[in-house]
1. Tell me, which strands (runs of 3 or more DSSP E) wholly within the stretch 51-118 include 1 or more residues that are touching a Leu at 6+ places or on another chain (Cβ under 8 Å), buried (at least 16 other Cβ atoms within 10 Å of the Cβ) and without any contact (Cβ under 8 Å) to a residue 60 or more places away in the chain?
2. Taking into account only those residues within the stretch 25-66 that are in contact with a helix residue (DSSP H, G or I) (Cβ under 9 Å, 6 or more places away or on another chain) and polar (S, T, N, Q), which is modelled with the lowest pLDDT?
3. Only residues that are in contact with a helix residue (DSSP H, G or I) (Cβ under 8 Å, 6 or more places away or on another chain) and either exposed (fewer than 15 other Cβ atoms within 10 Å of the Cβ) or not charged (D, E, K, R) (or both): list them for the stretch 145-171, please.
4. Taking only the stretch 123-151 into account, find how many residues are of a type outside the set (Lys, Arg) and more than 26 Å from residue 79 (Cα to Cα).
5. If you check residue 19 against the conditions, is it surrounded by 11 or more Cβ atoms within 10 Å (Cβ to Cβ), acidic (Asp, Glu) and modelled with pLDDT of 90 or more?
Amino acid sequence: MNKESDLTDKINPVRETDEEAITLARELIGEAKYASLGVIEPETGVPLVSRVAAVWTNETGLFFCASDLSVHSKCLLKHETCSLMLGEPGKGDGLAYARMTVIGTTSRLPNAAENRPILREAFLARHPKAELYIDFADFGFYPIAVERSLLNGGFGKAYHLNSSDLAFIGG
């Protein structure tokens with residue numbers, strides 16, 4: 001073996017999940033306004049990444065809003081697995097800032113769903129300019145059923161969080 005593979009075999013960069021990691025995850029989710037959405041393009045199996053407006057509250061859980069006309073919405077019709085990357089870089093090295101990838105499934109909530117008014121209110125509280133389009137028939141909400149998360153708190157601070165670590169995300 002070469003020295004590089006010896007090093008990667010001995011060092012596990014993932015730390016034990018602790019309260020500090022869960023607190024950081026709560027902060028990232030609570031502060032999120034936008035997320036990078038990862039979906040699978042059904043025709044090719046190629047990953048597709050897009051930006052969406054996201055919201056999380058204790059009452060609603062984590063969700064985003066999207067138009068049925070978007071490519072990512074069409075992908076989700078065929079393959080509900082997705083990921084959302086949360087966390088915005090600041091000044092300097094963007095990789096030094098915390099970010100989190102939430103992995104789960106989602107499907108569009110019908111516009112006639114009983115809880116749509118609650119999601120609508122939460123979405124507009126976070127994204128007031130969405131008032132211009134939120135009630136168009138092609139716009140819908142996508143609640144995330146979170147399975148797990150990869151949390152990077154900055155250099156040397158990697159964590160794998162499972163559904164019990166992330167129980168606070170549920171609506």
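1. Values: elements: 61-67, 81-86, 99-106.
Here the list reads 81-86, 99-106.
2. For the stretch 25-66, the residue satisfying everything is 58.
3. 146, 149, 151, 153, 154, 155, 159, 161, 166, 168, 169
4. Number of matching residues: 7.
5. When the stated conditions are applied, residue 19 does not pass them.
The values are calculated or read from the model by the stated rules, or taken from the named source; none is laboratory data. Nothing here was measured: the structure is a model prediction, and the numbers come from that model. Every residue, glycine as well, gets a Cβ built from its backbone with ideal geometry; the counts of neighbours run over all protein chains shown.
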